[in-house]
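Reading through the structure tokens given below for one structure.
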Amino acid sequence: MEEEHAAGIHPSFAKVIEQKKRIKDRLGNIKNKIGVYSAKGGVGKTTMAVNLAFTLAKKGFKVGLLDADIDCPNVASFLGITEKMDISGFPLKPLVKDGVKVASTAMIVDDIKKPIIWRGPIIAKMLSDFFENTDWGNLDYLVIDLPPGTSDAPLTIMQLLDLKGFILVTTPQRISSINSLRSGLMAKRLNVGILGVIENMSTGTISDNTKSMIDALGTELLGTVKFSNSFNRYSDNGMVTVYNDAGIADEFEAISKRV
Ligand SMILES: Nc1ncnc2c1ncn2[C@@H]1O[C@H](COP(=O)(O)OP(=O)(O)OP(=O)(O)O)[C@@H](O)[C@H]1O
Ligand SMILES: [Mg+2]
């Protein structure tokens, strides 16, 4: 600590830098870390993250899926995973579903139905400790499902993880494109790249709202995913939609090619 002071770095800040380095080392064997994000809730971030991860796995890539939504960790539920991660030793090992490594804070809490009511600093600490202590091994892709908002958790993720970039999820409505624009501008401000946009719950033809949001961010459309009851039918029952609906699998195949 004396030395850090001597170097002009405050001890508490030096700790953050050290942890960031440990996280970088821990995730060092992952080729591409991709965040799936929108500041708006309910647009289908988790749905896109899960189905993209399994599409990439089906193509033969080594894939991990990280649920970074502490308040409402839904990935495990979408995949029908009720098992818990073994927390008796460190580092933690993700669980494996159909060849995809999956980790979520839902897998280390006793009762998933209990609300998690934490202030920002606790969320940031939980996320950084979870990143530091989960061993993914070698991966081609780590797909990260982000929570909505433009503060605590998304900010921590943007600052701590060396992301290849974000996939922004939006829906055809104006309010969604406004919030996705906000998300994209936040990413740019924090120097995180934008890989492109998925228009979810789409008619199949990109809406004017999405088009102007994409233009404003200077990014591109990765693809559209139509509104379909299959998502409820399969994800409500812990099944992967792209493994069960050929039409939706085609939509994700097109998106994965652009990613
Ligand atoms: N293309 C679609 N067609 C029909 N339903 C969909 C579609 N995409 C997602 N859904 C449904 O919409 C609901 C919200 O999706 P999801 O949980 O993926 O959104 P989210 O953006 O992750 O939400 P949150 O902001 O709470 O994390 C889910 O019930 C999901 O099954
Ligand atoms: Mg979600």
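Where a number appears in this text, it was derived from the coordinates with a stated rule and is not lab data. For clarity, every value in this text was computed on a predicted model and none was experimentally measured. Every residue, glycine as well, gets a Cβ built from its backbone with ideal geometry; the counts of neighbours run over all protein chains shown.
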Practice task
Report, in debye and to the nearest 20, how large the dipole of the chain comes out about its Cα centre when Lys and Arg carry +1 and Asp and Glu carry -1 on their Cβ.
Solution key: 340
Completion exercise
With Cα springs under 10 Å, the Gaussian network model of the chain assigns the largest mean-square fluctuation among Thr156, Thr134, Thr82 to Thr82
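Given DSSP loops and a limit of at most 13 other Cβ atoms within 10 Å, what is the longest stretch of the chain that contains no such trypsin sites (Lys or Arg not before Pro)?
The answer is 120-259.
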Practice task
In debye, nearest 20, what is the charge dipole magnitude of segment 115-248 about its Cα centre with +1 on Lys and Arg Cβ and -1 on Asp and Glu Cβ, if you could check?
Solution key: 440
Exercise for the section: Specify which residue in the list Phe166, Ile214, Thr105 is farthest towards the positive end of the charge dipole of segment 33-258, using unit charges on the beta carbon of Lys, Arg (+1) and Asp, Glu (-1), about the Cα centre. Expected result: Ile214
Problem - Relative contact order of the chain, pairs being alpha-carbon contacts under 8 Å that are 6 or more residues apart, as % - result: 25
Problem - Rounded to whole Hz, the Karplus (6.51, -1.76, 1.60) HN-Hα couplings of segment 111-121, x for glycine and proline - result: 10, 5, 7, 6, x, 9, 10, 10, 7, x, x
Practice task
Name the residue farthest towards the positive end of the dipole of the chain from the options Leu95, Asn244, Trp136, assuming +1 on Cβ of Lys and Arg, -1 on Cβ of Asp and Glu, about the Cα centre.
Solution key: Asn244
Problem - Unit charges at the beta carbon, dipole of the chain: most positive-side option, Leu155, Ala76, Ile23 - result: Leu155
Problem - Degrees separating the helix 45-58 axis from the principal Cα axis of the chain, which is the longest one - result: 90
Completion exercise
For segment 33-258, using Cα atoms only, the Rg and Dmax in Å read 16.5, 52
Handout entry: CD proxy at 222 nm, helix term only [per DSSP H run n ≥ 4: -39500 (n - 2.57); per residue of the chain; nearest 500]
Key = -12500 deg cm²/dmol
Completion exercise
In degrees rounded to 10, the 0-90 angle between helix 174-189 Cα long axis and the longest Cα principal axis of the chain is 30
Problem - Listed residues Pro148, Pro91, Pro11, most fluctuating in the chain (Gaussian network, C-alpha, under 10 Å) - result: Pro11
Problem - Sequence-distant residues sharing a close amide H with Lys226 (under 5 Å, placed H) - result: Ser202
Completion exercise
Which residues qualify? For Ile167, with a placed amide H closer than 5 Å and at least 5 residues away or on another chain, they are Gly35, Val36, Tyr37, Leu195
